[in-house]
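Each remark here refers to the structure printed beneath this line.
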Amino acid sequence: MKKRGISWLMILMLVLSSMVIGLAGCNQQQTPAPAPPQEDGNGNEEGSGDSGSDTDPVDSGEVPDEVQFFNYPFMADPRNIDGAMTNFMLDLTIIGNVHQTMTELIFVDEVLTMVPGAAESWEISEDGLVYTFNLRDMNWEDGQALTAHDYALTLFRALDPNSGSVKAGDLFNIENALEYFQGNADKEDVGIRVPDDKTLEITLKQVTPYFINLTYAGLFTPTRQDMVDQYGEQFGIIGDSILASGPFKVKEWVNDVHLILEKNENYWDADSVLLETITFKMIRDVQAIMSELMNGTIDRTSVTIQEWRDRLITTGNFSYGDYVLAGTYFLIFNTDYEVNGVKPLSNVKVRQAISAAIDREEATFMLRGDMAIPATGFIPSTVGLDNHNFREVTNYNPIEAIQARVPDPKALLEEGLAELGISINDFTIEFLAGGTTAQHRSEAEFFQEVLQRELGLKLEITQVETAVRTQNSRAGDFGITYSLWYAGQNDPGIYFNNWLTNLETHSYKTGYDNQQFDEYVLAANSTMDEEIRRHNFNRAEWLLAEEDCIVAPIYHPISSMMTAKYMRGFVNQNFAPTAFKTVYTVGRE
Amino acid sequence: MAKYFLKRLIYAFFTVFIVITITFFLMHAIPGDPLGELVGRLPQSVQESYYAKYGLDKPVYQQYFIYIQNLFLRGDFGESIVYPGRSVNSIIARGAPISARIGIQGLAIGISLGITLGIIAAYKRGKWMDYFVMFVALFSISIPSFVFAAVLQYFLTVRYQIFPVTGWGTFAHTVLPAMAFGLRNIGVKARFMRSTWLDVMGQDYVLAAEATGMSKFDVTFKVILRNALTPLVTIIIPELAFIFVGTFVLETIFSIPGLGTYFIAAVSARDYPMIIGQTIFISTLYVTSMLVLDFVYVLIDPRVRLIKK
């Protein structure tokens with residue numbers, strides 16, 4: 001015991017002394033000259049993303065560095081690198097880099113546009129039911145030819161009832177896909193066919209406008225049968241099981257430490273890929289991510305907290321771009337909410353009064369500072385409709401509309417309550433906060449204060465863990481709740497689905513029941529005609545956010561991408577998995 | 001003697017078994033389930049197949065019997081729900097040594113420095129050195145390890161870039177978390193050592209040893225140190241179980257791929273197999289360390305005799 005204690009003491013002293021030596025030999029980090037903060041892209045309602053300062057054109061005459069690498073932080077370990085199975089953003093980022101999706105979605109002249117990926121070209125039949133993809137010649141990382149069968153396999157794996165894939169539901173509009181999933185149809189009957197090695201043909205059972213949006217996501221990546229057979233349950237879970245078809249291949253995956261990708265020389269477009277290595281470092285602490293960014297051990301991260309954004313900008317070492325994200329924070333009213341024998345939110349005037357009473361500018365400033373823009377609609381300003389911007393083509397702002405319509409919210413509230421035969425002192429409304437963090441608490445308190453101030457309406461805040469909240473909102477166990485929705489697809493349709501009447505499960509159960517709304521949404525979702533889609537989506541949004549006022553959009557979040565000054569070539573990829581194949585460095589020290 | 005230990009072993013086994021049972025039903029009783037967030041927006045048929053895949057469609061008591069069966073017949077803790085395809089066994093096997101390494105290094109720093117400071121304080125009793133050491137001890141006990149960790153991280157990784165901020169793989173990665181973990185131990189051990197040392201110094205056998213003409217060095221190291229370290233063993237052994245859990249917060253701050261990551265995430269995500277697997281692991285360790293402690297007592301202190309009831 002005695003000896004051991006002393007030897008440990010020696011080790012400790014060694015450590016301490018080396019620390020002291022280290023301290024003496026290390027210069028204090030230079031205090032960088034403060035740069036004036038740029039007002040950049042905050043009002044960027046076009047959602048063109050990487051605005052100006054973030055991306056330099058490739059042909060600027062700069063010489064790329066000899067050694068090309070890029071370090072990027074992940075806040076958690078990826079779960080399953082398998083396009084057929086995963087819905088998880090970090091997994092999709094890896095998939096976007098190791099696989100070639102069927103198509104790609106990028107900004108071309110500030111408009112999100114689909115460009116060829118694995119498919120050199122694709123056709124949609126006149127009736128909108130048959131999609132034909134013509135594949136280019138390409139190989140797997142081991143040199144074997146990549147065929148349309150490999151793409152079909154991913155789709156079939158997602159539809160395999162035994163796999164329990166969360167992605168299966170996305171494919172149910174394919175002919176006989178649901179029946180196959182339920183075990184009532186054979187594989188041959190499913191509308192996923194491979195006429196030859198270079199052609200994939202998908203037949204839908206009904207016109208599905210958003211279907212094409214799946215082709216740049218995880219489901220339309222290839223899987224090779226022999227790899228699935230070899231790794232079984234471990235497929236996609238361990239690094240060795242991931243066979244690349246895209247610009248990078250997996251070099252090493254140490255769980256919870258890092259996942260390293262290296263250039264895939266067998267990628268069809270390998271000549272244009274400059275990066276040799278990408279290291280995804282798992283860093284679970286936000287403060288640590290900021291420290292690593294300052295130290296140059298990671299090169300880029302997204303910042304959603306104003307304080308850090310401002311601090312990083314003043315160092316002058318980073319270029320940044322503010323994106324308006326394709327999400328909306330909004331209040332949801334539960335029309336079935338009952339308190340003391342009355343249903344205060346069942347009256348539309350009460351709901352409209354609440355929505356009209358909230359100043360969106362104030363809410364944005366108080367709760368998000370510069371990291372959000374006041375809502376311009378329920379559908380975020382970044383979402384497109386058939387290659388146009390949805391907000392622009394509909395030219396409608398439900399928030400302005402409701403505030404113009406209700407000049408005196410308090411009077412309207414009184415009117416509504418009179419119709420219900422109750423007084424404002426008869427009830428308090430349960431407000432279900434978004435979660436347990438301090439931010440969720442401030443949000444809830446903000447609405448509590450504003451509605452008390454503007455309307456004299458009393459809210460009681462409930463704050464529960466996410467798992468419980470999910471359950472409560474599905475069961476309709478709330479009066480008003482605050483939520484954020486991101487769309488996974490560049491299509492307005494997905495935002496409306498929760499409010500359809502005949503759903504088996506609602507993410508938020510509100511008791512909303514309007515056949516007219518269902519008709520609008522279904523009409524828009526079952527045609528390829530842009531004019532009809534525009535009209536019906538516009539009407540659906542009008543009902544939801546103004547006329548029936550089931551939701552009150554508040555703001556759209558902004559993410560600030562902080563990038564080391566020597567990084568080049570990022571392209572903004574809203575909706576599609578983030579790929580880094582165009583990235584390179586110039587003048588990294 | 002052997003009979004006594006057999007009895008203790010059976011008690012230990014039942015303790016763990018009761019812990020498993022209570023944890024199992026308790027975690028199913030709290031609202032929220034592991035799949036809610038994941039499958040909430042999916043069609044009903046997909047949701048059902050998901051619940052069936054993890055056996056969560058069955059009544060809780062059936063799930064319990066299946067779990068107990070798998071556990072005792074095959075030593076199988078099940079598969080994580082949040083991280084599909086990863087078995088709880090493999091996650092513990094990978095994470096435990098990492099948490100343990102931080103814990104052991106931290107404990108080593110705490111014990112060695114704590115003992116030294118404690119002895120110094122005892123010898124310089126009532127002098128400024130004593131007061132200084134006791135002040136340091138108090139200081140180290142009152143500062144939470146995560147505060148100390150944040151300070152260390154700022155000064156030694158950002159301001160002076162000596163150690164890596166986060167990561168795992170080299171000795172450099174372990175230094176700061178171990179220091180942060182060890183800090184509190186320094187204070188605890190120093191205070192403990194000081195009082196024990198003073199206690200032993202006043203014993204008759206020390207006086208007797210001095211009277212036989214032993215050198216001061218021999219008295220210090222052969223008589224006092226040996227006797228003063230014995231009680232220390234009793235506080236160190238139970239801590240061995242906690243080297244796995246004491247580092248949880250630090251693991252997040254320094255992004256260390258130990259057990260803590262999974263444990264904290266598992267509880268809020270309701271990842272049932274992970275929660276119960278880790279509970280079993282830690283409670284077993286604790287119960288075992290208690291058993292070991294009983295055994296060690298008998299070995300190191302002949303005065304302790306086990307008396308049959």
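Tallying residues that are facing chain A (nearest Cβ under 9 Å) and open to solvent by 30 Å² or more (accessible area, probe 1.4 Å) within segment B:243-265 yields 2. Checking each residue in segment B:47-67 for being more than 9 Å from chain A (Cβ to nearest Cβ), outside any helix (DSSP H, G or I) and within 34 Å of the chain's Cα centre (by Cα) picks out B:Gly55, B:Leu56. Within the option set B:Thr116, B:Thr170, B:Thr196, being open to solvent by 10 Å² or more (accessible area, probe 1.4 Å) and out of contact with any helix residue (DSSP H, G or I) (no Cβ under 8 Å at 6 or more places or on another chain) holds for one residue only, B:Thr170. Of all residues in segment B:266-278, those satisfying the criterion of being open to solvent by less than 30 Å² (accessible area, probe 1.4 Å) and either basic (Lys, Arg) or part of a helix (DSSP H, G or I) (or both) are B:Ala266, B:Arg270, B:Tyr272, B:Pro273, B:Met274, B:Ile275, B:Ile276, B:Gly277, B:Gln278.
Quick one: which of B:Leu299, B:Leu285, B:Leu240 is out of contact with any strand residue (DSSP E or B) (no Cβ under 7 Å at 6 or more places or on another chain), open to solvent by 30 Å² or more (accessible area, probe 1.4 Å), at pLDDT 85 or above and assigned to a helix (DSSP H, G or I)? Quick ask: steps written out before the conclusion?
Numbers: B:Leu299 fails: at pLDDT 85 or above; B:Leu240 fails: at pLDDT 85 or above.
Only one candidate passes the filter, namely B:Leu285.
Restricting B:Thr234, B:Thr212, B:Thr196 to those that are among the hydroxyl-bearing types (Ser, Thr, Tyr) and at pLDDT below 85 reduces the list to B:Thr234.
Among the residues that make up segment B:80-88, is at least one of them out of contact with any Asp or Glu (no Cβ under 8 Å at 6 or more places or on another chain) and more than 30 Å from B:Tyr51 (Cα to Cα)? No, because not a single residue in segment B:80-88 is out of contact with any Asp or Glu (no Cβ under 8 Å at 6 or more places or on another chain) and more than 30 Å from B:Tyr51 (Cα to Cα). Every listed requirement among (1) modelled with pLDDT under 95; (2) open to solvent by less than 40 Å² (accessible area, probe 1.4 Å); (3) assigned by TED's automatic domain parsing to the domain that holds A:Leu153 is met by A:Thr199 save one, (1).
Which members of segment A:252-263 meet the condition of being more than 14 Å from chain B (Cβ to nearest Cβ) and either in a loop (DSSP other than H, G, I, E, B) or without any contact (Cβ under 8 Å) to a residue 40 or more places away in the chain (or both)? Break it down into steps so the answer makes sense when it comes.
From segment A:252-263, those more than 14 Å from chain B (Cβ to nearest Cβ) are A:261-263; that's our starting set.
Once the filter is applied, which keeps residues that are more than 14 Å from chain B (Cβ to nearest Cβ) and either in a loop (DSSP other than H, G, I, E, B) or without any contact (Cβ under 8 Å) to a residue 40 or more places away in the chain (or both), segment A:252-263 yields A:Glu262, A:Lys263.
Before we move on, is A:Val348 crowded, with 24+ Cβ neighbours inside 10 Å and out of contact with any helix residue (DSSP H, G or I) (no Cβ under 7 Å at 6 or more places or on another chain)? When the stated conditions are applied, A:Val348 does not pass them.
Scanning segment A:242-284 for residues that are open to solvent by 50 Å² or more (accessible area, probe 1.4 Å) and touching a Ser or Thr at 6+ places or on another chain (Cβ under 7 Å) turns up just one, A:Glu262. Taking segment B:84-105 as the range and being more than 20 Å from B:Leu240 (Cα to Cα), free of Cβ contacts under 8 Å to residues at least 40 places away in the same chain and under 25 Å from the mean Cα position of the chain (by Cα) as the test, the residues that pass are B:Arg86, B:Ser87, B:Ser90.
Looking at B:Gly126, is it modelled with pLDDT under 90 and more than 10 Å from chain A (Cβ to nearest Cβ)?
Working: modelled with pLDDT under 90: yes; more than 10 Å from chain A (Cβ to nearest Cβ): yes.
In short, yes.
For segment A:264-295, taking the residues that are within 14 Å of chain B (Cβ to nearest Cβ), closer than 21 Å to A:Gln68 by Cα and among the charged types (D, E, K, R), the one that is farthest from the chain's Cα centre (by Cα) is identified as A:Glu292.
Does any residue of segment B:143-161 turn out to be of a type in the set (D, E, K, R), under 22 Å from the mean Cα position of the chain (by Cα), closer than 24 Å to B:Ile253 by Cα and open to solvent by 60 Å² or more (accessible area, probe 1.4 Å)?
no
Being polar (S, T, N, Q), surrounded by fewer than 19 Cβ atoms within 10 Å (Cβ to Cβ) and away from every other protein chain (no Cβ under 11 Å) is a condition met by at least one residue of segment B:200-212. Selection of segment A:276-294 for residues being in contact with a Phe, Trp or Tyr (Cβ under 6 Å, 6 or more places away or on another chain) and modelled with pLDDT under 95 yields A:Met282, A:Met290.
Can you name the residue in segment A:296-316 that is buried (at least 17 other Cβ atoms within 10 Å of the Cβ) and in a loop (DSSP other than H, G, I, E, B) and, of all such residues, is nearest to the other protein chains (Cβ to nearest Cβ)? Here the residue is A:Thr297. Just wondering, is there one or more residues in segment B:223-233 that are of a type outside the set (A, V, I, L, M), in contact (Cβ under 8 Å) with a residue 24 or more places away in the chain and open to solvent by less than 50 Å² (accessible area, probe 1.4 Å)? There is at least one residue in segment B:223-233 that is of a type outside the set (A, V, I, L, M), in contact (Cβ under 8 Å) with a residue 24 or more places away in the chain and open to solvent by less than 50 Å² (accessible area, probe 1.4 Å).
From the residues in segment A:457-475 that are open to solvent by 20 Å² or more (accessible area, probe 1.4 Å) and more than 9 Å from chain B (Cβ to nearest Cβ), which one is farthest from B:Val39 (Cα to Cα)? Show your work before the answer.
The first filter runs over segment A:457-475 and keeps only residues open to solvent by 20 Å² or more (accessible area, probe 1.4 Å), leaving A:458, A:460-466, A:469-472, A:474-475.
Going one step further and asking which of them are more than 9 Å from chain B (Cβ to nearest Cβ), we end up with A:458, A:460-463, A:475.
Working: A:Lys458: 34, A:Glu460: 29, A:Ile461: 26, A:Thr462: 24, A:Gln463: 22, A:Ala475: 15 Å.
In this case the residue turns out to be A:Lys458.
Would you confirm whether or not segment A:419-429 contains a residue that is at pLDDT below 95 and on the phi > 0 side of the Ramachandran plot? Yes: segment A:419-429 contains one or more residues that are at pLDDT below 95 and on the phi > 0 side of the Ramachandran plot. The residue pairs whose first member lies in segment B:267-279 and is within 11 Å of another protein chain (Cβ to nearest Cβ) and of a type in the set (Lys, Arg), whose second member is open to solvent by 20 Å² or more (accessible area, probe 1.4 Å) and in a loop (DSSP other than H, G, I, E, B), and whose beta carbons are closer than 8 Å, counting only pairs six or more residues apart or on different chains, are B:Arg270/B:Ile30; B:Arg270/B:Asp33.
Could you please give the count of residues in segment A:519-570 that are on the phi > 0 side of the Ramachandran plot and either at pLDDT 95 or above or crowded, with 21+ Cβ neighbours inside 10 Å (or both)? Spell out how you get there, then give the answer.
At the first step, the residues of segment A:519-570 found to be on the phi > 0 side of the Ramachandran plot are A:549, A:569.
Adding the requirement that they be either at pLDDT 95 or above or crowded, with 21+ Cβ neighbours inside 10 Å (or both) leaves A:549.
Of the residues in segment A:519-570, 1 are on the phi > 0 side of the Ramachandran plot and either at pLDDT 95 or above or crowded, with 21+ Cβ neighbours inside 10 Å (or both).
On the basis of being away from chain A (no Cβ under 14 Å) and either crowded, with 17+ Cβ neighbours inside 10 Å or over 23 Å from the mean Cα position of the chain (by Cα) (or both), does B:Phe14 make the cut? So B:Phe14 fails the test. For the residues A:Asn162, A:Asn184, the requirement of being in a helix (DSSP H, G or I), within 14 Å of another protein chain (Cβ to nearest Cβ) and surrounded by fewer than 21 Cβ atoms within 10 Å (Cβ to Cβ) singles out A:Asn162.
The values are calculated or read from the model by the stated rules, or taken from the named source; none is laboratory data. Remember, it's a predicted structure, so these values are computed and weren't measured experimentally. Every residue, glycine as well, gets a Cβ built from its backbone with ideal geometry; the counts of neighbours run over all protein chains shown. Only protein heavy atoms, including side chains, enter the accessible area calculation; ligands, DNA and RNA are left aside. Shrake-Rupley method; radii C 1.70, N 1.55, O 1.52, S 1.80 Å.
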